[in-house]
Amino acid sequence: MKGFALKQVSMCLVGLMLINSCSQPNHKGLGPTGEHGMVVTAHPDASRIGLTILQHGGNAMDAAVAVEFALAVCYPAAGNIAGGGFWVLRTSGERVYTLDYREKAPMAATKDMYLGPDGEVVQGLSTQTILASGVPGTVDGMVRAHEKFGSLPWRDVVQPAVDMARKGFPLTKAQAADLNSIRKILLERNSWNPVFVRDSAWKEGDLLIQPDLANTLERIRDSKRDGFYSGQTADYIIGQMQESGGLITYKDLQDYQSVWREPITGYYRDYRFYSMAPPSSGGVALKQLLGIISKTDIKSLGYNSVKTIHYMVEAEKRVYADRAEYLGDPSFVNVPVAQLTNAKYLSKRAADIKPNVATPSDSVRAGTAAMRENLETTHYSIADRWGNAVAATTTLNGGFGCRIVVKGGGFFLNNEMDDFSSKPGSPNIYGLIGNEANAIAPGKRMLSCMTPTLVTKNDKMFMVVGSPGGSTIITSVFQTILNVIDHGMTMQEAVSAKRFHHQWLPDLIQYEPEAIDSLTVTRLTAMGHHLKKIGKIGRVDAILFWPDGKMEGGADPRGDDTARGF
Ligand code: GLY
């Protein structure tokens, strides 16, 4: 991207002069603002690194690559080099691209690989063992994204992560607690003591130093793809597969390719949105939700009123039922995207929503499932002063993936295979049901909920948004967009606002404490809804573009998330 590079070198000094005027994070009514760039991620050190790249003349895509690698170091629960994800990006030339670097099933995977002799799913096989790991896509994705859009040298965007792994970073309080809580599991699943385990308990501020990961990142810095998919790192991965009984082969690693795809796009009121196409269900589901809800005047009904919640969850039931039936990897199954997102079809889906009575999920489609815990993934939003913007969501699936660390490599393996439907009708860790469209097949990508999304107004950037949270990703993004467009919230307010979620099965409105007041709970129950208070839902990191050109970062107070602008 030569054009990008020239423009940015001339702006570099301006960026450096502005370093001291960065606005600081705050989680109250207004997020930090910036005129020249904004980075919002799940960890303060990743946000700092992304901001530094922008301040040194890098574009949003350079910063996003640097953040992706930084998160692999300072946020090992979900940041990764052995996972996968999706980018939705818009260039200063106003074109939107999406990159699919989702993991793939190894070629030795089989449809029934998680079933026992009785034909039932063997609990834990698709989540807690090395058989849970798909072929990682992150490194290939970052190399491709940088080759197409980067303006700084590759080394310069990888080096900050190398340095942080080598010198260490201070654990946040939540991270220290997380590592202490998985200590026993890490010792059980690894034949050696990975750096994440130590004799005494971790405390806030302790430095986590990761020499093996630093060496791996150096190989990636020096040899790009070959630093991961072949040579020493591949030897470590295959060594781990042999030790723990995994399926990934050298050929699986060498054959991995990420894919540029067409975005899912549509309008909500005066706004145009762009999101991720299958193998993520995020874009299709978001388009369906916005299409169905556009028939309702959410603005007049008010934020989290009885009627607003009713209409939103009725839409959610119908959309998640479609997801289970139709969505999968488009290279393997015919996903009827056009039919599912067509205005006539969505009007039909909306038509049987009754204004005062809940539709039982069983009559939307049959089945039962239970929601489970442990929703990990991470999202970051980045924008620069030239009009480039990146919405990126990346994951190992569960927190710390399958919790097996590649010996010598220093990184966690994913447990993304659980996002396939192990058996039709059998729920995954998110309680999501799937069927044939998302059955396991060699080389196939597992269905995702990740919903990195860009919103524009009159062809100008309006919002960059996304969230982790498994099945709750789609509804978290949906609510954040409505919070801004219909309820007039600032970015920070929209991100901080309490959330609720319905995914068709189980037939439950799950909600955060304070999301729904007790009178509203009583009224919704009287309409036939079932409600359950749960912990946190989603962790949205987003950017709003104000009419004067300023960018407001919204970092989710549910985690250590941090917005940094300049
Ligand atoms: N692993 C979570 C998702 O891809 O939706």
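Things worth noting here:
- DSSP H segments from the chain that extend 27 Å or more along their own axis, Cα-based, with Kyte-Doolittle mean of -1.0 or above: 306-326
- Residues with amide H under 5 Å from that of residue 541, placed H, sequence gap 5 or more: 466
- Residues 485, 130 arranged by fewest to most Cβ contacts within 10 Å: 130, 485
- Residue order, fewest to most beta carbons within 10 Å, for 202, 504, 546: 546, 202, 504
- Shape category assigned to the range 445-486 from the gyration tensor of Cα positions, a/c cut at 1.5: oblate
- Label zone at residue 201 (point 7 Å along Cα-to-Cβ), backbone N below 17 Å, the range 165-182: 171-182
- Net charge of Cβ neighbours under 15 Å - reference residue 513; Lys, Arg +1; Asp, Glu -1: +3
- Listed by chain and number, the lysines whose alpha-carbon sits under 21 Å from that of residue 167, ignoring those within fewer than 8 places in the same chain, are 203, 407.
- Cross-link pairs beyond the 28 Å C-alpha cut-off, checked among 295/550; 317/533; 307/344; 457/533; 307/348; 224/287: 295/550; 457/533; 224/287
- Remark: the range 75-83, residue by residue, has Karplus-estimated 3J(HN,Hα) of 9, x, 5, 9, x, 6, 10, 10, x Hz, where x stands for each Gly or Pro and the curve is 6.51 cos²θ - 1.76 cosθ + 1.60 at θ = phi - 60°.
- Electrostatic tally near residue 405: other residues with Cβ closer than 10 Å to its Cβ, Lys and Arg +1, Asp and Glu -1, net +2.
- Ordering 133, 177, 154 by the projection of their Cα atoms onto the charge dipole of the range 125-190, which places +1 on the Cβ of Lys and Arg and -1 on the Cβ of Asp and Glu, puts 177 at the extreme positive end.
- Taking amide H atoms as placed 1.01 Å from N in the peptide plane, the amide H of residue 208 lies under 5 Å from those of 169, 171, each 5 or more residues away in sequence or on another chain.
- For residue 266, the residues whose modelled amide H falls within less than 5 Å of its own, excluding neighbours fewer than 5 places apart on the same chain, are 273.
- Relative contact order %, the range 393-490, counting alpha carbon pairs below 8 Å whose residues are six or more apart: 18
- Shape class of the range 165-249 from the alpha-carbon gyration tensor: oblate, with a/c at 1.5 or above and b/c at least as large as a/b.
- Stretch gain in nm, segment residue 184-residue 325, where the contour uses 0.36 nm per residue and the Cα spacing is subtracted: 46.9 nm
- For residue 111, the lysines whose Cα comes closer than 26 Å to its Cα, not counting residues fewer than 8 places off in the same chain, are 251, 423, 444.
- Take every pair of alpha-carbon atoms less than 8 Å apart whose residues are at least six positions apart; their mean separation over the length of the chain yields a relative contact order of 25 percent.
- Near-label residues of the range 484-505 by backbone N, under 20 Å of a point 7 Å along Cα→Cβ of residue 269: 484-500
- Prolate/oblate/rounded label for the range 61-193 (Cα gyration tensor, a/c 1.5): oblate
- Cα centre as origin, Lys/Arg/Asp/Glu Cβ charges: the range 261-409 dipole, Debye: 180
- Residue order, fewest to most beta carbons within 10 Å, for 40, 122: 122, 40
- What you get for the chain, charging only the Cβ of Lys and Arg (+1) and of Asp and Glu (-1), is a dipole of about 860 debye around the Cα centre.
- In nm, spacing of pseudo-spin labels at residue 536 and residue 338 (7 Å Cα→C-beta vector): 4.2
Throughout, read-outs are computed from the coordinates displayed, never taken from laboratory work. Since this is a predicted model, take the numbers as computed values, not measurements. As a convention, Cβ positions derive from the backbone with ideal geometry for all residues, glycine included, and neighbour counts pool all protein chains shown.
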